[in-house]
Amino acid sequence: MNELQLLLGTSQGLVVSSIAALVLRVFVGVNFMVHGSPKLFGPGRRDMRTGMSQLLGIPGILFDLTGLLEFIGGLALLLGLLTRIATLLLAIYNHHT
């Protein structure tokens, strides 16, 4: 038994897959946060909201909810909180866009 197995109590293959899942989760979480933050906090937020409402004919509140889902869902993935729920909601949202 090597030191890594002794320290972590697991095989090296599981450690590598856990690290890969962590890197992927952080990357996807940051990506969603980057795309959701301008919809919530950006200087051109009102112009984007108005333009998307006129272009697509959807209520402006959906623009706000989209930004909230992207930002909070990305933050949840980044922190590892409620990852299955966040992933499901983000997958449903992305399927319909």
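The values are calculated or read from the model by the stated rules, or taken from the named source; none is laboratory data. Keep in mind it's a predicted model, so treat the numbers as computed, not measured. FYI the Cβ positions are ideal-geometry reconstructions off the backbone, even for glycines, and counts take in every protein chain you see.
Residue-wise test of (1) among the charged types (D, E, K, R); (2) on the phi > 0 side of the Ramachandran plot; (3) at pLDDT below 80.
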{"residue": "Glu3", "(1), (2), (3)": "yes, no, yes"}
{"residue": "Leu6", "(1), (2), (3)": "no, no, yes"}
{"residue": "Gly9", "(1), (2), (3)": "no, yes, yes"}
{"residue": "Gly13", "(1), (2), (3)": "no, no, yes"}
{"residue": "Leu22", "(1), (2), (3)": "no, no, no"}
{"residue": "Arg25", "(1), (2), (3)": "yes, no, no"}
{"residue": "Phe41", "(1), (2), (3)": "no, no, no"}
{"residue": "Thr50", "(1), (2), (3)": "no, no, no"}
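The set of residues from the stretch 47-83 being of a type outside the set (A, V, I, L, M) and within 29 Å of Val26 (Cα to Cα) comprises Arg49, Phe63, Asp64, Thr66, Gly67, Glu70, Phe71, Gly73, Gly74, Gly80, Thr83.
For the stretch 78-97, the set of residues classified as closer than 15 Å to Leu65 by Cα and in contact (Cβ under 8 Å) with a residue 12 or more places away in the chain consists of Ala86, Leu89, Leu90, Tyr93, listed by residue number.
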